Amino acid sequence: MKKHFGVILFCAIAIVVIATGCRKEKFLDTGGELRFSVDTLTFDTVFTSLGSYTAWVKIYNPQNQPVNISSVKLEGGDGSQFNINVNGQKGNVVQDIEIAPKDSIYVFATVNIDPNNENNPFVVQDKLIATLNGRQYTIPFLAFGQNAYYLVDSLITNNQVWNTDKPYVIIRNAAVDENVTVTIPPGCRIYVHADSRLIVLGTLKVKGTKQDSVIFQGDRLDRKYFGNEGYPGEWGGIYFTSTSRDNEIDYAILKNVGNSTRLGESVFTPAAIQLNADTIDDGKPQLLLTNTIIENSIGHGILAFGSTLVARNCLINTCGAQCLAVFQGGGYYLDNCTFVTYGTDKVSHIDNPVMALLNYLDVGNNSYIAGPLIVEMRNSVVWGSLETEFFAKGVEGAEFNVKLENCLVKNKDGMPAGINAIDCKVNEDPKFKNYTGWDYRPDEGSPLINAGKDIGLPADLDGKARDGQPDIGCYEY
């Protein structure tokens with residue numbers, strides 16, 4: 001008997017240990033508490049019918065015991081414009097959700113807002129209700145809806161003047177047909193979906209004012225999720241085809257732009273503005289660009305192929321490729337413009353100079369297509385964080401005529417060969433007021449001050465009067 005006593009005792013202890021280990025920890029069945037990670041789950045402006053990004057809130061169990069939440073639901077039920085996913089389970093009512101001690105679960109939420117007759121943003125509300133042991137814990141859901149005019153894969157075939165009562169939203173491209181003019185008045189807001197752009201085969205007239213600019217940007221507006229300055233490449237830009245003519249953009253802002261875009265089998269190069277060869281020889285520039293800001297582009301600011309451009313009082317900054325890239329010649333007349341890129345955590349600036357002027361297009365296999373190039377740049381600055389930010393090169397067989405007057409440019413080797421430079425400055429720090437904050441106004445002691453010439457532009461980009469000895473760049477000190 002003694003012989004078997006040890007074995008029996010061991011087995012008894014093992015059974016007790018195993019039974020204890022297999023026993024499930026008891027849920028807290030009375031009282032208790034739940035906590036949310038935020039007081040209110042808020043969605044910034046959401047365009048009606050489009051749907052939102054996904055936001056989330058955590059539900060915490062602060063107890064030392066596990067809890068079983070009998071239900072997590074939306075107060076609005078099936079009629080709610082919000083949708084939830086609770087710990088991986090979809091549905092506006094989810095039941096029996098367990099949370100371990102000192103642990104939490106995620107509730108993911110989206111909102112799809114129905115259109116109504118409101119022009120101004122309106123509020124959409126609901127509540128998330130979590131029930132623990134008969135007690136309800138609630139958190140408000142809040143979204144701001146915005147009705148809009150939607151252009152979905154649209155071809156505009158008649159002359160239009162756009163309205164300003166509601167914004168325009170472009171999805172899967174919108175195109176202005178040949179011989180058609182679209183006029184965009186002051187204060188109009190244009191939001192463009194990712195991988196979408198405005199394509200102009202005819203004519204675009206953007207008529208902003210100093211007090212009421214026309215703004216082009218992406219359609220994801222919640223900066224809590226998408227950054228206060230936005231992200232480069234949120235939308236595709238404006239593409240002017242070779243048939244486009246007599247375009248004007250005045251007092252506009254194009255920001256967070258430059259996403260590559262697909263149209264059929266073609267993929268457009270990332271650029272805020274792309275100008276294709278000007279085939280309409282009517283003596284007018286393909287684009288007159290005045291008092292306009294292009295910033296935070298993942299690609300080019302302006303990309304041009306054998307086109308014609310007049311730009312005055314413009315700021316083109318923070319571009320992943322060139323702020324201005326010219327290929328295959330063309331005619332470019334740039335007055336009191338600021339071209340600058342320092343690079344950010346979102347916009348890489350490693351090897352692309354701020355400006356590249358070429359009278360040819362390299363097509364591979366040691367071949368190129370050349371075209372006559374005429375550039376006249378006055379009172380303008382080309383600067384950035386690279387050693388060389390101004391690059392110009394021509395090949396034989398096509399005119400290469402680049403003239404700079406009263407400009408400041410950066411090139412480690414000095415002014416490039418073949419450039420007709422008059423009263424220019426090279427490699428002098430322009431001393432911008434705050435380049436990390438994208439403030440490119442000249443600071444005290446800047447070599448830009450009083451270094452320009454009077455070319456008949458009475459006010460700067462801010463509307464500030466220029467004196468008889470104007471400054472270089474788009475801003476007057």
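No value in this document is a laboratory result; all are computed from the given coordinates. Note that the coordinates shown come from a computational prediction; the quantities given were computed from them, not determined experimentally. So basically every Cβ, Gly included, is an ideal-geometry build from the backbone, and we count neighbours across all protein chains shown.
Computed log10 I(q)/I(0) for the chain at 0.11 Å⁻¹: -0.91, from the Debye equation with unit scatterers placed on every C-alpha and solvent omitted.
Computed from phi, the 3J(HN,Hα) profile of the range 110-122 under the Karplus parametrisation 6.51, -1.76, 1.60 (θ = phi - 60°) reads 10, 9, 10, 9, 6, x, 9, 9, 6, 8, 7, x, 10 Hz, with x in place of Gly and Pro.
Based on the alpha-carbon set only, what is the convex hull volume of the range 31-97 divided per residue, in Å³? Write down the numbers at each step before the final one.
Values: hull volume 7.4 nm³, N = 67.
Considering the Cα atoms of the range 31-97, their hull volume per residue is 110 Å³.
DSSP bridge analysis restricted to the range 148-442 gives an antiparallel fraction near 10%, rounded to the nearest 5. Listing CYS424, CYS319 from fewest to most neighbouring C-beta atoms within 10 Å gives CYS424, CYS319.
Stretching TYR106 away from LYS453 to a fully extended chain increases their span by 118.7 nm, per 0.36 nm per residue minus the current alpha-carbon distance.
With charges set only on the Cβ (+1 for Lys and Arg, -1 for Asp and Glu), what does the dipole of the range 35-145 come to about its Cα centre, in debye to the nearest 20?
It comes to approximately 360 debye.
The residue list PHE216, ASN173, ILE113 was ranked by how far each Cα lies along the charge dipole of the chain toward its positive end, using unit charges on Cβ atoms, and ILE113 comes out on top.
By the Stokes-Einstein formula, at 1.567 mPa s and 4 °C, the range 23-68 with its Kirkwood radius over alpha-carbon pairs has D equal to 94 µm²/s. Seen against the Cα atoms of the chain and their longest principal axis, helix 2-22 is set at about 50 degrees.
What is the projected area of the convex hull of the Cα atoms of the range 385-477, averaged over all directions, in nm²?
Working: hull surface 28.1 nm².
Computing the convex hull of the Cα atoms and averaging its projections yields 7.0 nm².
Backbone geometry of the range 438-444 corresponds, through the Karplus equation with coefficients 6.51, -1.76 and 1.60 at θ = phi - 60°, to 3J(HN,Hα) couplings of 6, 9, 9, 6, x, 8, 4 Hz, x marking Gly and Pro.
Please tell me which of these pairs span more than 20 angstrom C-alpha to C-alpha: LYS102/LYS127; LYS205/LYS284; LYS255/LYS453; LYS207/LYS346; LYS403/LYS425?
Working: LYS102/LYS127 24 Å; LYS205/LYS284 14 Å; LYS255/LYS453 30 Å; LYS207/LYS346 31 Å; LYS403/LYS425 14 Å.
Pairs exceeding the cut-off: LYS102/LYS127; LYS255/LYS453; LYS207/LYS346.
Would you work out the charge dipole size for the chain about its Cα centre, treating the Cβ of every Lys and Arg as +1 and the Cβ of every Asp and Glu as -1, and quote it to the nearest 20 debye?
Working: 40 positive and 54 negative charges, 438 e Å.
Rounded to the nearest 20 debye, it is 2100 debye.
Amide H contacts for LYS425 (H built 1.01 Å from N in the peptide plane; partners 5 or more residues away or on another chain; cut-off under 5 Å): CYS407, LEU408, VAL409. Only Lys, Arg, Asp and Glu carry charge here, each on its Cβ (+1 for the first two, -1 for the last two); on that basis the range 433-477 has a dipole of about 80 debye about its Cα centre. Scalar couplings 3J(HN,Hα) for the range 328-341, obtained by applying the Karplus form with A = 6.51, B = -1.76, C = 1.60 to θ = phi - 60°, are 6, x, x, x, 9, 10, 10, 10, 6, 10, 10, 10, 7, 8 Hz; x denotes Gly and Pro. Less than 5 angstrom separates the built amide H of ASN173 from those of ASP153, ARG197, all sequence-distant by 5 or more or on a different chain.
How many nm separate the modelled label positions at GLN95 and LEU361, each set 7 Å beyond the Cα in the direction of the Cβ? Calculated label separation equals 6.5 nm.
Using just its DSSP H runs of length 4 or more, each adding -39500 (n - 2.57), the chain gives a mean residue ellipticity at 222 nm of -1500 deg cm²/dmol after division by all residues.
Quickly work out the SER154-to-PHE122 label distance, labels modelled 7 Å from Cα along the C-beta direction, and quote it in nm with one decimal. The two pseudo-label positions are separated by 2.1 nm. Per the Debye formula on identical point scatterers at the alpha carbon atoms of the range 81-211, with no solvent, log10 I(q)/I(0) at q = 0.10, 0.14, 0.20 Å⁻¹ is -0.54, -0.78, -1.16.
If you build the convex hull over the alpha carbons only and average its shadow over all orientations, what do you get for the range 35-145? Give it in nm² to one decimal. Walk me through the numbers on the way to the answer.
Working: hull surface 26.7 nm².
Seen from a random direction, the Cα hull of the range 35-145 projects 6.7 nm² on average.
With the highest mean first, a sort of the peptides 39-45, 463-469, 201-207 on other beta-carbon atoms found within 10 angstrom per residue produces 201-207, 39-45, 463-469.
Cα-Cα pairs above 15 Å in the range 319-387: how many percent?
Considering the range 319-387, 59 percent of its Cα-Cα pairs are separated by more than 15 Å.
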